[in-house]
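For reference, the structure discussed in these notes is given below.
The values are calculated or read from the model by the stated rules, or taken from the named source; none is laboratory data. These figures come from a predicted structure and were not determined experimentally. Please note: Cβ atoms are built from the backbone with ideal geometry, for glycine as well, and neighbour counts cover all protein chains shown.
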Amino acid sequence: MSDPFSGVTLPQDARDRLADGRKHLFTSDLSVNEFLLVRQAGFRPVGLVLGSSVYHVGIQARKWSQNMELDKLSQAMYHARELAMTRMEAEADVLGADGVVGVRLEIEFKEYGNDLAEFVAVGTAVVAEEKPENGTWRNNKGLPFTSDLSGQDFWTLIQSGYLPQGLVMGTCVYHIAHQGMLASLSNIGANAEIPQFTEALYDARELAMGRMQAEAEALNAEGIVGVQLLSLPHRWGGHTTEFFAIGTAVRPLREDHVIATPSLVLPLTDGGR
């Protein structure tokens, strides 16, 4: 298998930090409970890994009265996130990690450019204490697995016989048509569905969901857990929105799945009184 990170160049400061961490200590943004549960699941944190991409998001013409995907913007938002994710995975690879847990994807539009946004991926790289039956914890692309599940959910997933394959996502930047004046006036004081708005939001979400599922299929995943379907307006105005679907693709580690029985836990506090 070819090196999946052959085209990725990490800053020297990042390589120095990662090399130093391998010799002395690990860093992690996991909470104490998450850290202990990840250890109990058989994984040892080896370092905080991140990827960044400052991206110029282009301009695309849109029609005032027409529902339409802005494919140029969709591609920009998707590619920028992929760059950040790939660089985070490359840092994990330098640490010899089997996966990255607790991944966060963040976007921040910069004040020094209205069309400039920084895309950041952050997570904790982990190494497994034991190898699975197939010999590797990495996914079918040779990449460390990634997951945005909490430490608690990650522990439950491993204990039940499943393994994350990758953080999968789909995006769609969509322009929602404006209503004409006559149509707007006819709705005043009346309960009425606005079909063009319904169709636009429905179509945009389906496009994002379908693209997320296609990523999971490429990983030979059995399914996707922890799916979030977000509407992100960013700076495009009220009639242009990014619909973003994200979740963790999983595959079974074994045929039998032992599901722990939930137990009732009562707090020993008086509710803060």
Inset, instruction - With the checklist (1) of a type in the set (Asp, Glu); (2) in contact with a strand residue (DSSP E or B) (Cβ under 6 Å, 6 or more places away or on another chain); (3) under 18 Å from Leu167 (Cα atoms) in hand, flag the one item Glu108 doesn't pass. - result: (3)
Inset, instruction - Filter segment 239-256 down to residues that are among the aliphatic types (A, V, I, L, M) and surrounded by fewer than 23 Cβ atoms within 10 Å (Cβ to Cβ) and give me whichever is nearest to Glu82 (Cα to Cα). - result: Ile246
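Working carefully through the options Glu108, Glu133, find the one that is part of a loop (DSSP other than H, G, I, E, B) and surrounded by fewer than 14 Cβ atoms within 10 Å (Cβ to Cβ). Spell out how you get there, then give the answer.
Details: Glu108 fails: part of a loop (DSSP other than H, G, I, E, B).
Unique residue meeting the criteria: Glu133.
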Inset, instruction - Could you tell me whether any residue of segment 69-82 is modelled with pLDDT of 95 or more and of a type in the set (S, T, N, Q)? - result: no
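For (1) assigned to a helix (DSSP H, G or I); (2) closer than 22 Å to Leu105 by Cα; (3) at pLDDT 90 or above, each residue gets a yes or a no:
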| residue | (1), (2), (3) |
| --- | --- |
| Gln152 | yes, yes, yes |
| Ile158 | yes, no, yes |
| Tyr174 | no, yes, no |
| Gln179 | no, no, no |
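Within segment 119-132, identify whether any single residue is in contact (Cβ under 8 Å) with a residue 12 or more places away in the chain, acidic (Asp, Glu) and either touching a Leu at 6+ places or on another chain (Cβ under 7 Å) or over 18 Å from Arg44 (Cβ atoms) (or both), and answer yes or no. Break it down stepwise before answering.
Filtering segment 119-132 for residues in contact (Cβ under 8 Å) with a residue 12 or more places away in the chain gives 119-130, 132.
Okay, now just the ones that are also acidic (Asp, Glu), so 129-130.
From what's left, either touching a Leu at 6+ places or on another chain (Cβ under 7 Å) or over 18 Å from Arg44 (Cβ atoms) (or both): none.
No; the residues of segment 119-132 include none that is in contact (Cβ under 8 Å) with a residue 12 or more places away in the chain, acidic (Asp, Glu) and either touching a Leu at 6+ places or on another chain (Cβ under 7 Å) or over 18 Å from Arg44 (Cβ atoms) (or both).
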Inset, instruction - Of the numbered conditions (1) modelled with pLDDT under 90; (2) under 30 Å from His239 (Cβ atoms), Thr136 fails exactly one; give the number of that condition. - result: (2)
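Find the residue count for segment 81-90, including only residues that are under 12 Å from Glu118 (Cα atoms) and surrounded by fewer than 21 Cβ atoms within 10 Å (Cβ to Cβ). Quick ask: steps written out before the conclusion?
Applying the first criterion (under 12 Å from Glu118 (Cα atoms)) to segment 81-90 yields 81, 83-84.
Still in the list and also surrounded by fewer than 21 Cβ atoms within 10 Å (Cβ to Cβ): 83.
Number satisfying all stated conditions: 1.
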Inset, instruction - Among the residues of segment 133-172, write down those that are farther than 23 Å from Gly210 by Cβ and among the β-branched types (Val, Ile, Thr). - result: Thr136, Thr156, Ile158
Inset, instruction - Please go through segment 91-105 and pick out each residue that is assigned to a helix (DSSP H, G or I) and buried (at least 23 other Cβ atoms within 10 Å of the Cβ). - result: Glu91, Ala92
Legend entry - Given (1) assigned to a helix (DSSP H, G or I); (2) at pLDDT 95 or above; (3) crowded, with 20+ Cβ neighbours inside 10 Å, number of the condition Ala200 does not satisfy: (2)
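Mind telling me which of the residues Pro4, Pro45 ends up being at pLDDT below 80, more than 17 Å from Val173 (Cβ to Cβ) and surrounded by 12 or more Cβ atoms within 10 Å (Cβ to Cβ)? Steps first, please.
Values: Pro45 fails: at pLDDT below 80.
Just a single option satisfies the conditions, and that option is Pro4.
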